[in-house]
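Participant: Below is a structure I'd like to ask you about.
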Amino acid sequence: MLSPKFSMYHWLVSLRPFVLPHRLLMVLAEESTLFASVIKWTALATVVGALAGSATALFLYTLSWATGQMQRVPMPLLWLPVGFVVAYLLVRIFAPDAEGHGTDKVIEAIHRRDGQIDLAVAPVKLGATVVTLAVGGSVGKEGPAAQIGAALASALASLLRLSRADRRTLVICGIGGGFASIFGTPIAGSVFGLEVLVLGSVVYNVLYPSLVSGIVAYHVATSLGVTYFHQTLSAIPRQSEGIMLKTVLAGVVFGLVALLLIETLRLVDEVARRIPVPRWLVAAGGGALVAGLAWIFSDRYLGLGIPTLERSLGGGGVPSGAFLLKILFTALSLGAGGSGGIVTPIFFIGATTGSALATTLGFDPGTFAAIGMVALLAGAANAPLAASIMAIELFGPAVGPFAALAAIASYVIVGHRSVYPSQILGVAKTRSLRVPAGTEVGSLEDIQMRPSSHRLYVLLRMRRRAAWRRNTSGQ
């Protein structure tokens, strides 16, 4: 039996000599195909969104229960090494693809395996992340939500025997649905799933299904009782040249902090892999080190760090070096074998960095913490569009221009690096640099400067040589 699209097209062609002119025939064929595509992806993305939203609700309720149980345990810091070992063994034995902070593994699956993800990743990632966060590991919650949503989407694609291209689209919908339902940002979550795949490019042909998935996932999670943090900022400064310039300069700082986070994560992961002992011992040692640091400094850097994050967004004071300690805690937690996401720690680091900068630049601390929160995400994940939209969804439209400026500046300054090493390089961030397109960010070894980048240096050198000749001839 012929496919509907094939049959309709040939039926229209058969009418051409009698009724339809060529251009009208083409319009009808095109529009009928597009309409069928809209119906198809509305149905599929709705199912994926419902699965992602339900899984996110289950994950958050399980996490809340486990965290409550651990609060009753005496001397909770002693459980960090045990929790890290348990999380590592769960992933290692049952689903190695669930290793790390989740989203990067999904990006890798999309690029290397056309979105093929083992269904076992979903329960294993949920369990390992709950254990890591419950004992105090400094990780996030979006990675598991995105990876669980993507695994369920991949399973649905296998059940329906979809093509490779359709599987990829469905898995991207799973990322968007997980991200949207974990933070309560349906539009930003949908765009994030598209923007994070290729550095410098957005996969627009998946925009509609991803948006449907994100909106459905958000409403399903809300209907299941999940609540979200949204706060309208009141102390928004008036737009002026001076304020905008300060915002751009702050974006540069956020980009440098994002770069520090990326390189620290990479360094700790490399060191952990080179230690000549079994990995479960590395996990135990990493947990013990995190526990020791928490005992020396503060337990505010353990877990999600929501109280400190909310205090920053509310304009309250936080230690000036809080962002540096959170980078260290997060790198150790993930590098040692803990399981979880990276975006919530990014929010903590960005908000505390913004709070520390607020006094220097004359901004309201709460407003600047909000700008820093999304700007650091834009730089660390190379997702300035999703970060800018998130600022509007979380804090209101008034902060949009400031958040967008800081986010784009941060995105540019961080360079061709990412907390997601499996991102593919699409285009260079400036025409003055040449990067190998199609290369994974994590394997990038060489960035070349274009000849035009040397013009200023050449001009300065020629002027110095001319001045030297004049001085020599004068003598």
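Read-outs: derived from the displayed coordinates by stated rules, not from any lab. For clarity, every value in this text was computed on a predicted model and none was experimentally measured. As a convention, Cβ positions derive from the backbone with ideal geometry for all residues, glycine included, and neighbour counts pool all protein chains shown.
Participant: Between the stretch 90-144 and the stretch 331-405, what is the C-alpha centre distance in whole Å?
Facilitator: Each part reduced to its Cα centre gives a spacing of 23 Å.
Participant: Pull out a ≥ b ≥ c, the square roots of the eigenvalues of the alpha-carbon gyration tensor of the stretch 252-348, then state rounded if a/c is under 1.5, prolate if not and a/b is larger than b/c, and oblate in the remaining case. Mind showing how you got there, number by number?
Facilitator: Details: a/c = 2.36, a/b = 1.59, b/c = 1.49.
It comes out prolate by the Cα gyration axes.
Participant: Next question. Post the alpha-carbon centroid distance, the stretch 34-57 to the stretch 158-194, in whole angstrom.
Facilitator: If we compute the Cα centre of each part, the gap is 9 Å.
Participant: Under the definition of Cα pairs under 8 Å and six or more residues apart, what whole-number percent is the relative contact order of the stretch 245-413?
Facilitator: Working: 280 pairs, mean separation 51.5, N = 169.
Computed over the stretch 245-413, the figure is 30 percent.
Participant: Explain nothing, just compute: Karplus ³J(HN,Hα) = 6.51 cos²θ - 1.76 cosθ + 1.60, θ = phi - 60°, for every residue of the stretch 83-95 in order, whole Hz, x for Gly and Pro.
Facilitator: x, 5, 5, 4, 4, 5, 5, 4, 5, 4, 7, 9, 7
Participant: ³J(HN,Hα) across the stretch 426-442 via Karplus (A = 6.51, B = -1.76, C = 1.60, θ = phi - 60°), whole Hz, x for Gly/Pro?
Facilitator: Result, ordered by residue: x, 9, 6, 7, 8, 5, 7, 10, 10, 10, x, 4, x, 8, 5, 4, x Hz.
Participant: Report, by chain and number, residues whose modeled amide H sits under 5 Å from the one on Leu433, excluding near sequence neighbours (fewer than 5 apart, same chain).
Facilitator: Those lying under 5 Å, H to H, from Leu433 are Arg450.
Participant: While we're here: Kindly put Arg417, Arg266 in sequence by how many other C-beta atoms sit within 10 Å of each C-beta, fewest to most. Intermediate values should be presented prior to the final figure.
Facilitator: Working: Arg417 21, Arg266 16.
Result, fewest neighbours first: Arg266, Arg417.
Participant: How far is it, in nm, from the label point at Arg112 to the one at Leu28 when both lie 7 Å from their Cα along the line to the Cβ?
Facilitator: 4.9
Participant: Another one. With a cut-off of 8 Å between alpha carbons and a minimum separation of six or more residues, what is the relative contact order of the stretch 33-223 in percent? Walk me through the numbers before you get to the answer.
Facilitator: Numbers: 345 pairs, mean separation 55.1, N = 191.
It rounds to 29 percent for the stretch 33-223.
Participant: Related question: Cut-off under 12 Å on the C-alpha distance; same-chain residues fewer than 8 positions from Lys105 excluded. Which aspartates and glutamates are left, in chain and number order?
Facilitator: Asp97, Asp118
Participant: Please arrange Lys125, Lys40 by counting, for each residue, the other beta carbons lying within 10 Å of its beta carbon, fewest first.
Facilitator: Details: Lys125 31, Lys40 12.
With the fewest neighbours first, Lys125, Lys40 line up as Lys40, Lys125.
Participant: Which shape class, rounded, prolate or oblate, goes with the stretch 318-391 when its Cα gyration tensor gives a ≥ b ≥ c as root eigenvalues, a/c under 1.5 marks rounded, and past that a/b bigger than b/c marks prolate? Walk me through the numbers before you get to the answer.
Facilitator: Values: a/c = 2.99, a/b = 1.34, b/c = 2.24.
Since a/c reaches 1.5 but b/c is at least a/b, the shape of the stretch 318-391 is classed as oblate.
Participant: A follow-up question, please. If you split all Cα-Cα distances of the stretch 33-223 into 10 Å bins from zero, what percentages do you get per bin, shortest first?
Facilitator: For the stretch 33-223, the pair-distance distribution reads 11, 38, 33, 14, 4, 1, 0.
Participant: Still on this structure: Amide H of Ser201 versus every other amide H placed in the peptide plane: which residues, excluding those fewer than 5 positions away on the same chain, fall under 5 Å?
Facilitator: Counting only residues 5 or more places away or on other chains, the set is empty.
Participant: Shifting gears a bit: Return the Rg/Rh value of the stretch 245-413, two decimal places, where both radii are evaluated on C-alpha atoms and Rh is the Kirkwood radius. Working shown, then result.
Facilitator: Values: Rg = 16.1 Å, Rh = 16.0 Å.
So for the stretch 245-413, dividing Rg by the Kirkwood Rh gives 1.01.
Participant: Pop the C-beta distance of Val73 and Arg279 into the FRET formula with R0 = 35 Å and round what comes out to the nearest 0.05. Could you put the intermediate results ahead of the total?
Facilitator: Values: r = 26 Å, r/R0 = 0.73.
Between Val73 and Arg279 the formula returns 0.85.
Participant: First check a/c for the stretch 185-277, with a ≥ b ≥ c the square roots of the eigenvalues of its C-alpha gyration tensor; if it is under 1.5, answer rounded, and if not, answer prolate when a/b is larger than b/c or oblate otherwise.
Facilitator: Numbers: a/c = 1.73, a/b = 1.10, b/c = 1.58.
The shape class here is oblate.
Participant: What relative contact order, as a whole-number percentage, does the chain give when Cα pairs under 8 Å and 6 or more residues apart are counted?
Facilitator: Values: 938 pairs, mean separation 86.9, N = 475.
So the answer I get is 18 percent.
Participant: Out of residues 5 or more away from Ser339 or on other chains, whose amide H comes under 5 Å of its own, with H placed 1.01 Å from N in the peptide plane?
Facilitator: Thr132
Participant: Towards the positive end of the charge dipole of the chain, with charges on Cβ (+1 Lys, Arg; -1 Asp, Glu), say which of Ala98, Ala217, Val399 has the farthest Cα.
Facilitator: It is Val399.
Participant: I'd like the Karplus ³J(HN,Hα) series for the stretch 277-284: coefficients 6.51, -1.76, 1.60, θ = phi - 60°, whole numbers in Hz, and an x wherever there's a Gly or Pro.
Facilitator: Here the 3J(HN,Hα) series is 9, x, 5, 5, 6, 4, 4, 5 Hz.
Participant: Starting with the fewest neighbours, write out Ile296, Ile236, Ile175 ranked by other beta-carbon atoms found within 10 Å of each beta-carbon. All intermediate terms of the calculation are to be shown ahead of the outcome.
Facilitator: On the way: Ile296 8, Ile236 19, Ile175 33.
Lowest to highest Cβ neighbour count: Ile296, Ile236, Ile175.
Participant: Counting Lys +1, Arg +1, Asp -1, Glu -1, what net charge surrounds Ala322 among other residues with beta carbon under 12 Å of its beta carbon?
Facilitator: Values: positive: Arg300, Arg311, Lys326; negative: none.
So the environment of Ala322 carries a net charge of +3.
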